[in-house]
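Input: a single structure, listed below in C-alpha cells.
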Amino acid sequence: DWRKLLPGVWFHDPGLATTSGAESAITELDGENGILRYRGYPIEQLAEKSTFLEVSYLLLNGELPNQQQSDGWVNEITHHTYLHEKFRRKMYDSFHYDAHPMGLLCSNVAGLSTFYPDSKEIDDPANRMQQAVRLIAKMPTLATSAYRHSVGQPFVFPDNTLDYASNFLRMMFELGNPYEVDPAFQRAMEVLLILHADHEQNCSTTTARVVGSSHTDPYTAMSAACGALYGPRHGGANEAVLNMLDGIGSYENVEPFIEGVKAGNERLMGFGHRVYKNYDPRARIIKEAAHDVFAVTGTNPLLDIALKLEEAALSDEYFISRKLYPNVDFYSGLIYESMGFPRNMFTVLFAIGRMPGWLAHWDEMLDQDSRIARPRQLYTGEAERDYIAMSDR
Ligand code: SDX
C-alpha cells in the first residue's frame, strides 16, 4: 500500500484523468484499440446477439442467464413497471408543461426513494437487487411519462404482454390508435440500449459510486448519476450534436465550422473521448444500425452533414493529432430523431440504457465495502488573517 510507503503524499489530478478510483470487474475499455467488453463479452457480439434485459442481468450478476434465470428476470422486470398512482399524479403535475424531461427524470428518480424507505437497507444484497429491478423496470415509465407530460398527452400505462423495448416505444408514441411496433425500431432500440448500458468509470458512473459511498439509498444515488449525465460534455452531447448539425445547416458550412472548431470558437460535439483515442466501437455499430431505421423512415436530412463533418475531421491534423474520433453520441441522435423522439428526450434514452451499469457499479462498490469517497485538495486561498470590523472595510 503506497500510502504506507509514502505517508502524506498526495497526487493532484484535476478531472481524475490519470487516477484509478475503483477496482471493477464489470466493463473493460481499451481506449487505444477501441475495445469495449461487458464482463468479458465484446460489445459487437452483445449488440448483435443479446437483448437489453439480458445485458442488464449480465452486468449485475457477472454471467449470462440460463433460460430459467432469464425467464425469471424478465418476469421480475415486466411486473415492476408501474408507478405508485399518487406519485404519478402528483410528481408530474408539479412541473411546468415545458420542463426538460431530464429535469423531471432526475427529480422523479430521487422522489422514488420516498416510496421505498426499505431501500436504505443497502447492506442486504437481496434488497439491493430488488431496488435494481424496480429502477430498471420503471425507467421507461418515468421517461415516457415525462415526455407525455411535456406534450400534454395522457400517460400510457405499461403493457405487460410486450417486451421491454416494444413497451417503451408504445408508451412513448401510442395516441388514439393501437401502436404497431416496427421490428426495425424494436431491434434498433435494443441495440442502442445495449450500447449505452455501461462504460466503466465515466462521469455519471463515478458519480453513482461516489454518492453511493456515503451509504445513501440507490434512488438518491441514481438521481445524482442522472444529473451528471445531463451535462453536454457527457450524456447531453447527443442532443447537442443535432443542434450543432442544425446550426451548420448545409454542406457548404462544414469547412467553415471545422475552422471555427480549430480556432477554439466551437466544440465538435459527439467527437473526442477521455479514454478512446481511436474510433468508439459503439459509434461504428450505431452507424450501421442507423441504416436499418432509415430504411423504414427515410434518411435523416442531417446525416449527410454528419458524414461530411466526420470525413473532414478525420482527415484534419487538428483532430488527428488530438486523437479525436466520433464517440457514441455522434450518430445516436440521428436515429432517435428519425424514430420520432424529440431532441430533449435523447439524454433520457441514454439514462434508460445506463441505469443497469450505474446499478452494477453501485452494487459492486458496496460489495467491496469501499471507503467513503473523500479526496484531498491543493489549497490556493488566503493564509490566516484577522476579522475586519464593518467600519474598517
Ligand atoms: C460520453 O467517459 C465516458 O465513457 C463517457 C461516455 C459514456 O459512455 O459514459 O463515453 C459518453 O460522454 C461521450 C462524450 C460525449 N461528449 C461530447 O461529445 C462533447 C465533446 N467532447 C469534448 O467535450 C471532450 O472530448 C470530452 C469531454 C468528451 C473529453 O474531454 P477531455 O478528455 O477532458 O479532453 P480535453 O477537453 O482535455 O481535450 C483535449 C484536447 C483539447 O485541445 P488542446 O487544449 O490540447 O489544444 O482536444 C480538444 C481540446 O480542445 N478537444 C476538442 C474536442 N474534444 C477535445 N476539440 C474540439 N472538439 C471536441 N469535441
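With the simple model of a label 7 Å out from the Cα in the direction of the Cβ, residue 155 to residue 118 spans 2.2 nm. In this structure, the residue pairs whose Cα-Cα separation is over 32 Å, taken from 49/262; 90/120; 86/120, are 49/262. Take every Cα pair under 8 Å whose residues are at least 6 apart in sequence, average their separation, divide by the length of segment 173-292, and the relative contact order is 23 percent. Sorted into 5 angstrom bins from 0, the C-alpha pair distances of segment 153-296 split as 2, 8, 11, 14, 17, 17, 15, 9, 5, 2, 0 percent. Springs between Cα atoms under 10 Å define the GNM used for the chain, and in it the highest mean-square fluctuation of 62, 264, 227 occurs at 264.
Which value, in debye to the nearest 20, gives the size of the charge dipole of segment 18-111 about its Cα centre, when Lys and Arg are +1 and Asp and Glu are -1 at the Cβ?
500 debye
With the simple spin-label model, which puts each label point 7 Å out from Cα in the Cβ direction, the residue 388 to residue 45 separation comes to 6.7 nm. With the convex hull drawn over the C-alpha atoms of segment 89-212, the volume per residue is 134 Å³. Applying both filters, DSSP loop and at most 14 other Cβ atoms within 10 Å, to the GluC sites (Glu not before Pro) of segment 314-393 gives 382, 384. Quotient of the Cα radius of gyration of the chain and 2.2 N^0.38 Å, N being its number of residues: 1.04.
The shape of segment 1-159 can be summarised by an equivalent ellipsoid whose semi-axes, obtained from the alpha carbon gyration tensor, come to 34, 24, 18 Å from longest to shortest. Evaluated over the Cα positions of segment 25-86, the convex hull gives a direction-averaged projected area, one quarter of its surface, of 5.8 nm².
Distance between the pseudo-spin-label points of residue 373 and residue 30 (7 Å out from Cα toward the beta carbon): 2.8 nm.
Given contacts defined as C-alpha pairs under 8 Å and at least six residues apart, what's the relative contact order of segment 11-81, whole-number percent? Result for segment 11-81 is 18 percent.
Compute the Rg/Rh shape ratio of segment 296-393: radius of gyration over Kirkwood radius, all on alpha-carbon atoms.
1.26
Report the percentage of all Cα-Cα pairs in segment 282-330 whose separation exceeds 13 Å, rounded to a whole percent.
Tail of the P(r) past 13 Å holds 63 percent of the pairs.
The relative contact order of the chain, computed from alpha carbon pairs under 8 Å that lie at least 6 residues apart in sequence, is 24 percent. Positive end of the dipole of the chain, charges at C-beta (+1 Lys, Arg; -1 Asp, Glu), about the Cα centre: which of 333, 193, 87 has its Cα farthest in that direction? It is 87.
Throughout, read-outs are computed from the coordinates displayed, never taken from laboratory work. In this text the structure is predicted, and so the values were computed from the model without any measurement. Using ideal geometry, Cβ is built from the backbone for each residue, glycine included, and neighbour counts are taken over all protein chains shown.
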